[in-house]
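Shown next, in structure tokens, is the structure this report addresses.
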């Protein structure tokens, strides 16, 4: 019998223990539980080191208002602060453990958050109060590469994904209008560098950097650095690496 290894990630102890016990009663399911994103990451890493891996993570959508996991910060794919740590964990698992399927457990239907979960890499969005048979069907389905959503959410999620794709396309077009130097300045802004740090990094004068930053804001059609960074992230602009980066010195006096 092929056994399915499931990790329940929920900081509501009673719910997590009850769900784990119900799943463990199934003859082909092995279950573990973790109460936080970092604890789940440790479980995944330990399992991988021991030559065994989890197949499916069941992640609480409201796991907590946490920050992105380190792998996301390093890759520049951290979600915005409004995204729960549950969805941040989904994105981190996709990067660090691409073979593991994730299903988000939610107390309420929310098309926007469900769309964010799918964009982060989730294979399903399921109500916490669904039946055990329904949950097992989803677990087995995602292992067959299926994506599961409640029918009532489907229209709203598709609308959110379509809007997100349009925003990304619009943002990409604006970013493409930047010169190579302006694009590098934008990457530094995404990395959180201030004007003086950007000047030191790119071997430019602070005045020149100020001009480039103003040009970036103007071409992107925004009025603040925060807005420029948000648009850049939507367009997939990666932050400048803060160490080990080779800076081109040719043509610095742009």
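We did not get these values from a lab; they are worked out from the coordinates using the rules stated. The shown structure was predicted, so the numbers you read here are calculated from the model rather than taken from an experiment. When we count neighbours, we look across all protein chains shown, and the Cβ atoms used for this are built from the backbone with ideal geometry, even at glycine.
Residue exposure proxy: 179, 155, ordered by other Cβ atoms within 10 angstrom of their Cβ from fewest to most, comes out as 155, 179.
Here the label points at residue 177 and residue 155, each 7 Å from Cα along the C-beta direction, are separated by 3.6 nm in the simple model. With Rh defined as the Kirkwood radius, the inverse of the mean 1/r over Cα pairs, the Rg/Rh of segment 115-203 is 1.24. Only Cα pairs under 8 Å and 6+ residues apart enter the sum, and on that basis the relative contact order of segment 89-170 stands at 31 percent. The tail of the calculated P(r) for segment 4-161 beyond 28 Å holds 12 percent of all Cα-Cα pairs. In terms of surrounding Cβ atoms within a 10 Å radius of their Cβ, 203, 54 rank from fewest to most as 203, 54.
Listed by Cβ neighbour count within 10 Å, with the fewest neighbours leading, 87, 14 appear as 14, 87.
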